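Okay, so here's the structure we're looking at.
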Amino acid sequence: MLDRLGVSAAAEAVYWAMLDHPAWDVDELVTNLDIPETVVHDALSALADRALITPSTSRPGTLRAVSPQIGLLALLDQAEQQMITQQANLQAARASVLARAASRDTHREREEIVRLEGVDAVRDRLAEHARTAAESFMTLTTGRAMPPEAIETGKTLTRIALSRGVKIRHIYQESTLHDSASRAYAELMAEQGEQSRVMTEAPVRMTLVDRQFALVPIEPRSGRGALEIRGNCVVSALCLLFDMLWDKSTPFPRPSTANEHGLTDQAVAILRLLRQGRTDEAIGRQLRLSERTVRRTVRDLMQRLDAESRFQAGAEAALRGWI
């Protein structure tokens with residue numbers, strides 16, 4: 001218990017023993033605690049340094065243990081004061097770092113476009129933004145899959161930003177979520193508090209920070225790095241583009257719980273619309289799903305129902321009591 005206050009296990013054992021048996025001398029402490037004499041002497045020295053034992057006035061030449069209400073509470077007060085001082089030092093260091101970073105950015109403001117060479121430089125800059133962003137992150141992810149390194153970096157930086165109260169909106173290209181690792185990442189980030197949506201085709205990969213910074217690849221899929229565009233009309237245009245794409249995209253589908261027939265709510269809704277003779281396009285529009293998702297689900301349902309047509313699948317599902 002007292003190790004958090006800088007008192008070793010051996011010293012703690014000696015302290016409690018002296019409280020319970022005030023008359024014990026060093027030999028009795030050694031015998032009853034079954035520890036070497038040198039350890040007892042070291043423990044007594046450590047306890048004296050922390051004012052947990054003091055010379056006895058009633059028995060001159062011996063030591064007595066100070067009551068916990070006095071000795072331990074004094075140690076707790078010291079520990080709390082150290083924590084307060086450490087917290088103040090950390091706050092001062094944080095303010096100094098932010099001031100230095102702001103000064104550095106002010107110095108670089110003359111450059112409206114900064115070239116970040118290589119993946120490491122881009123990740124370092126995103127890590128900086130995650131710790132200094134005031135309001136928002138808006139990200140558009142494209143491609144067939146997110147690289148494993150990007151997934152691990154994204155997990156860390158997203159949690160940092162969310163813990164600071166930064167709002168995160170993320171649009172994923174549908175093809176990206178066909179990759180199991182990328183989809184697992186998106187689901188995890190949604191659980192953490194990220195607002196996410198999906199669109200069939202995304203025009204460009206980018207990240208927008210506080211509507212003041214935009215990071216876009218130097219060359220798509222090249223890994224050469226990114227361009228950071230700062231506070232000009234190009235950033236405003238990219239933010240407007242993101243907002244338009246956000247409005248046109250669909251909410252990220254959360255995992256649904258299957259019913260007793262092994263069907264999700266989404267699958268049941270599709271079966272009901274199949275029975276009504278709706279097309280994939282009409283179903284997707286009504287349920288806010290992409291046609292690709294509808295086609296894949298319909299194909300799977302027809303196989304399960306051994307149906308040769310879409311309408312037959314809906315009718316067969318009704319006969320089986322699925323809908």
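We did not get these values from a lab; they are worked out from the coordinates using the rules stated. Since we're looking at a predicted model, the values are computed, not measured. Note: ideal-geometry Cβ built from the backbone for every residue, glycine included; neighbour counts use all protein chains shown.
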Inset, instruction - Please work out the C-alpha center-to-center distance from the range 135-170 to the range 176-202 and express it in whole Å. - result: 10
Inset, instruction - Any chance you could tell me what percent of the C-alpha pair distances in the range 114-251 go past 28 Å? - result: 7
Inset, instruction - Apply the Kirkwood formula to the range 206-323: the hydrodynamic radius equals the inverse of the mean of 1/r over all pairs of different alpha-carbon atoms; give it in Å with one decimal. - result: 17.3
Inset, instruction - Report, to the nearest 10°, how far helix 37-49 tilts away from the longest principal axis of the Cα atoms in the chain, using its own Cα long axis and a range of 0 to 90°. - result: 80
Legend entry - Kirkwood-type radius of the range 144-190, with distances r between different C-alpha atoms, in Å: 11.1
Inset, instruction - Please give the helix 291-305 orientation as an angle from the longest Cα principal axis of the chain, in degrees from 0 to 90, rounded to the nearest 10. - result: 90
Legend entry - P(r) histogram, all alpha-carbon pairs of the range 1-110 included - 10 Å bins from 0, percent: 13, 34, 19, 11, 10, 8, 5, 1
Inset, instruction - As a check on your grasp of the helix formula, calculate [θ] at 222 nm for the chain: sum -39500 (n - 2.57) over DSSP H runs of n ≥ 4, divide by the residue count, round to the nearest 500. - result: -18000 deg cm²/dmol
Inset, instruction - Rounded to the nearest 10 degrees, what's the angle between the helix 68-108 long axis and the longest principal axis of the chain, both from Cα atoms, 0 to 90? - result: 40
Legend entry - Over the range 179-223 - Rg/Rh using Cα atoms and the Kirkwood inverse-distance radius: 1.01
Inset, instruction - Can you quote the Å³ per residue value for the convex hull of the Cα atoms in the chain, rounded to an integer? - result: 239
Inset, instruction - Please work out the Cα center distance from the range 53-81 to the range 208-240, rounded to the nearest Å. - result: 63
Legend entry - Within a Gaussian network of the chain (alpha carbon springs, distance under 10 Å), most fluctuating of Gly262, Gly223, Gly165: Gly262
Inset, instruction - Quick one: among Ser175, Ser249, Ser67, which has the greatest mean-square fluctuation in a GNM of the chain with alpha-carbon springs under 10 angstrom? - result: Ser67
Legend entry - Bins of 10 Å, starting at 0 and running to the largest distance - Cα pair percent for the range 265-319: 29, 62, 10
Inset, instruction - Could you sort 201-213, 300-312, 84-96 so that the peptide with the highest average Cβ count within 10 Å comes first and the rest follow in order? - result: 201-213, 300-312, 84-96
